[in-house]
């Protein structure tokens, strides 16, 4: 084949594909030129069958041999000519390529199927083949959803073989159905209105696969199909608003937020109510929570969840399964009021007045009076918003009487710098009345300063920290001081409860000598007696000898064969029969017992160590002697098994309970919650991953009547923060240096106290 002939073939093929697409064909077979030296010529005219009118420009002629197109022409003036054909049998296809006439393609024998039934014979010389293109069939009708016109997608499924490359199309525009000219045959149609509607076929059956009978189309027929789709999982209702006179009116353009609780990232979204207040949400499947708001801020509408609750906790949940249609989910919204104003500091010695406070450092807490109890209850107040009369505003708020508490942070020095003190400007107002659809300006709130007592008790090492905790807690002349090995924890755990109960410290020592810081603290304390905890393997006789030089009283040792019998010995020497409580803690780990020691000292009971799965004989004997009014097991079943609880029940006529949480921090918070009331004088924070600092801190906490709460080295866990807020302590002490607890822990503690202070003016 010559290069020129090959180039011609590519050009014609490209034109054929372009024209085929223009005529509604999706594809054409591979193209080939006529055989070189062919002697047959095919000519003819293309007309319309309806009236014999010529078909100008709008017709393609494709000549097939088998499945391959060997020649092509366009009927520019309604006539065509194709030369160079080899004599033989061919299939000749005529297709319209313009959108004007409602014509469909046909074969040279006048048929409209997938193949030409009677071949066209080409002989040498001239061959005439005239065709009259027939008008196609049309599908019309309406597509609605619940009776209203909707748009959608119509999938056409030919059930009879069509002309090569023919792609019938049916479209929908604002509920009106229309199609391209369609060849006669059998069709299935699927009408899809999107996720909000259930798809149906031409028979109105809910399906994505056409059912029988099919839609049968004949030449030039117009068939009407009217389909009304059903909603796919629907929730509907009406939003109304309470007027000033108590009547109800529809709320147009109300915002409706719906959330799928099963799959929050799917089938969740926003819609708005119509002019009549009605809202409809379709395409749902699962459990849904609905929240309603006003159309904008100016409406001052109080947000509300379905069911009338102001919070998600009380929201009514609607479950939609199997395309259920749920109506009547109405809601009545109320109009709230607005509170406006700002805070202003007042002169304070050493600090002065700073005028209006920086909003970035200012927090407002709002509480509403519960008339049934006479108490103010904390509420969330949206805002602050854009100024009203020069002041920011909060709201909308439910009409009623309110208390406002304000906090503003102030540092005397660079934040976090050594010696810098953190203050808050603090104040508030009570009895502010918020009316319906009203703006209440509470004006300038004068604030005074408040210093939050958050400190650190620490030293160069665990021994120095132990001495520092003691020095900050105990005055000289304490009745007793306890010495315990600072490199292990078991003996000090039980000793801390005893020390707290006897109002004395636990001081950590080395096994064979007393560190200088501890000697100095003992000399300052001048204790009436000293008790060494543990056997000679834990604290040597040399330490005992040195201790005798640091007190005018006795020096004794409390010990046993192991950590369990030592804890029993400490209890026996400290607590009388009939104690209010006895605590059981795992003797192989320290976290649960650290907090337990402070609680035990507070309530006047011991901490006894136990193995995970069973009580030891010495501990059983001590429990029998103590006859406690109740027993509390510290930690979850991984720390102390249920078998231990069953064994413990024989030693008390009271309850045997467990204080535990999801982890060591939550366990510490849980124990504090059942032991200490709000308003404790002090809370000690200790690293939950190590034990030395907390050993001395537990005795101090027991003596001061506050708990030890465990925290992470870099911050306060949520469970601990929640308990701190409940406790509302007057002081917080972090145990250990920055290597144990970073400054971030102290910052978190100050934030907690700031939040607590904002709850009451």
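Any read-out appearing in this document is the output of simple, stated calculations on the displayed coordinates, not a laboratory observation. Computed from a predicted structure; not experimentally measured. Every residue, glycine as well, gets a Cβ built from its backbone with ideal geometry; the counts of neighbours run over all protein chains shown.
Each of 482, 56, 166 has some number of other Cβ atoms within 10 Å of its Cβ, and from fewest to most they run 56, 166, 482.
Of the peptides 267-278, 664-675, the ranking by mean beta-carbon count within 10 Å, highest at the top, reads 664-675, 267-278. Between residue 379 and residue 263, the FRET efficiency estimated from the beta carbon spacing at R0 = 30 angstrom works out to 0.45. Taking the longest Cα principal axis of the chain as reference, the axis of helix 462-473 is set at about 70 degrees. One Cα centroid belongs to region 512-536, the other to region 246-317; the line between them spans 68 Å. Out of all Cα-Cα pairs in region 252-307, roughly what percent, to the nearest whole number, are more than 14 Å apart? Result for the distance tail: 54 percent. The ranking of 548, 502 by Cβ neighbour count inside 10 Å, starting from the fewest, reads 548, 502. The fraction of Cα-Cα pairs per 10 angstrom bin, counted from 0 for region 634-761, comes to 13, 41, 31, 12, 3 percent, rounded to whole percents. Taking every DSSP beta bridge that has both ends in region 457-757, the antiparallel portion is near 5%.
Please work out the FRET efficiency for the pair residue 573 and residue 730, using the Cβ-Cβ distance as r and a Förster radius of 30 Å; give the result to the nearest 0.05. Working from the Cβ atoms, E equals 0.35.
Summary of packing: across the peptides 365-378, 602-615, the per-residue average of other C-beta atoms within 10 Å ranks them, highest first, as 602-615, 365-378.
Under the classification rounded if a/c is under 1.5, otherwise prolate if a/b is larger than b/c and oblate if not, where does the chain fall, given a ≥ b ≥ c as square roots of the Cα gyration tensor eigenvalues? Note, shape of the chain comes out prolate.
Against the chain, whose longest principal axis is taken from its Cα atoms, helix 490-501 shows a tilt of about 70°.
When both bridge partners sit in the chain, DSSP labels roughly 65% of those beta bridges antiparallel.
Note on residue 244 and residue 174: the model spin-label points, each 7 Å out from Cα along the C-beta direction, lie 4.1 nm apart.
Over the chain, Cα pairs under 8 Å with separation of 6+ residues give a relative contact order of 7 percent. Distance between the pseudo-spin-label points of residue 549 and residue 270 (7 Å out from Cα toward the beta carbon): 7.9 nm. Over the residues of the chain, the helix contribution to mean residue ellipticity at 222 nm works out to -6000 deg cm²/dmol, using -39500 (n - 2.57) for each DSSP H run of at least 4.
Our compactness index for region 457-757, the C-alpha radius of gyration over the empirical 2.2 N^0.38 Å, is 0.92. Packing-based ranking of 146-152, 69-75, 250-256 yields 69-75, 250-256, 146-152, ordered from highest to lowest mean Cβ neighbour count within 10 Å. The fewest-to-most ranking of 291, 642 by surrounding Cβ atoms within 10 Å reads 642, 291.
Summary of the geometry: region 179-211 and region 547-587, compared by the centres of their Cα atoms, lie 86 Å apart.
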